[in-house]
1. Residues in the stretch 172-191: is at least one more than 20 Å from the chain's Cα centre (by Cα) and among the small types (Gly, Ala, Ser)?
2. Is it the case that the stretch 104-112 has a residue that's surrounded by fewer than 17 Cβ atoms within 10 Å (Cβ to Cβ) and at pLDDT 95 or above?
3. Pull up the stretch 177-210, narrow it to residues that are touching a strand residue (DSSP E or B) at 6+ places or on another chain (Cβ under 8 Å) and charged (D, E, K, R), then point me to the one that is farthest from Ala108 (Cα to Cα).
4. Taking into account only those residues within the stretch 109-148 that are among the hydrophobic types (A, V, I, L, M, F, W, C) and not in a helix (DSSP H, G or I), which is nearest to Leu73 (Cα to Cα)?
5. Identify, from the list Asp131, Asp154, the residue that is closer than 24 Å to Val183 by Cα, without any contact (Cβ under 8 Å) to a residue 40 or more places away in the chain and touching a strand residue (DSSP E or B) at 6+ places or on another chain (Cβ under 9 Å).
6. Please go through the stretch 156-176 and give me each residue that is closer than 21 Å to Leu86 by Cβ and buried (at least 18 other Cβ atoms within 10 Å of the Cβ), ordered by number.
7. Cβ contacts < 8 Å: first residue acidic (Asp, Glu), restricted to the stretch 196-212; second residue modelled with pLDDT of 95 or more and in a loop (DSSP other than H, G, I, E, B), any location; separation 6+ or different chain. Result?
8. Can you tell me which residue in the stretch 139-155 is nearest to Gln107 (Cα to Cα), limited to those that are surrounded by 15 or more Cβ atoms within 10 Å (Cβ to Cβ) and among the small types (Gly, Ala, Ser)?
Amino acid sequence: MASAKKAKKKAPTKSKAKPVKTPKSAKAKAKPAKPAKPAKPAKPAKSGKAMPKASPGAKAGLGIGSRAPAFTLSDGSGRSVSSSSLTGAPYVLYFYPKDNTTGCTKQACDFRDSFPAFGRVRARVLGVSPDSEASHAGFAKKHGLPFTLLADPDKTLANAYGVWAKKQNYGREYMGIVRSTFVVDAKGVIQKAWRGVKVNGHVDAVLDAVKALS
């Protein structure tokens, strides 16, 4: 009996699962963290009223031992007064902001009250501000000022002495006169200088400085 050949059935080949590739765009690129910037130090708070900044004349070294700047200005009556006419005797040149203001009036009256004492040491007193000749005339008449007030509307002499400068008051900046006084000797040399003057007691200090020259 013929033997029937049984066909050998091959087991089905198992398909290998291929790993799914992640698209490059899907891969998150980790970036290194940037170091934090150091915090800026806080600016100091501005006080209500600041002192005037150093004036150009002070920076340039105009002070004791410097030759006094030459000038020719008009007084309250319109007459010209020059520095050359003051040679041979000491003089006081004081710069103030404005006629008829509280501090400037007190300072002028203090010089007025001590005027005889300045005369005894042959020292002339001259006040300088940007006010007009007419303003000076009215100021002098109102308070009985016996000394000369010079009009410096263009701030020519104020700039020469470095007293026209930037000032601060309650956070506001502006240009103005820094109250200052200079004692000049008979040869035209500055012997004493005050900048940022406080009115109380100042005239006494000026008189002492003038007396020290004799």
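The values are calculated or read from the model by the stated rules, or taken from the named source; none is laboratory data. What you see is a predicted model; the values in this text were computed from it and never measured. All Cβ positions, even for glycine, are placed from backbone atoms using ideal geometry, and neighbour counts span all protein chains on display.
1. In the first step, residues of the stretch 172-191 are kept if they are more than 20 Å from the chain's Cα centre (by Cα); the result is 183-191.
Among the residues that remain, those that are also among the small types (Gly, Ala, Ser) are: 186, 188.
Scanning the stretch 172-191 turns up at least one residue that is more than 20 Å from the chain's Cα centre (by Cα) and among the small types (Gly, Ala, Ser).
2. As a first pass, look at the stretch 104-112 and keep what is surrounded by fewer than 17 Cβ atoms within 10 Å (Cβ to Cβ): 106, 109.
Filter again for at pLDDT 95 or above, leaving 106, 109.
Within the stretch 104-112, one or more residues are surrounded by fewer than 17 Cβ atoms within 10 Å (Cβ to Cβ) and at pLDDT 95 or above.
3. In this case the residue turns out to be Asp185.
4. Val128
5. Going through Asp131, Asp154 in turn, just one is closer than 24 Å to Val183 by Cα, without any contact (Cβ under 8 Å) to a residue 40 or more places away in the chain and touching a strand residue (DSSP E or B) at 6+ places or on another chain (Cβ under 9 Å): Asp131.
6. Selection gives Leu157, Ala158, Tyr161, Gly162, Val163.
7. Asp204/Ser114
8. Per the stated criteria, the residue is Ala140.
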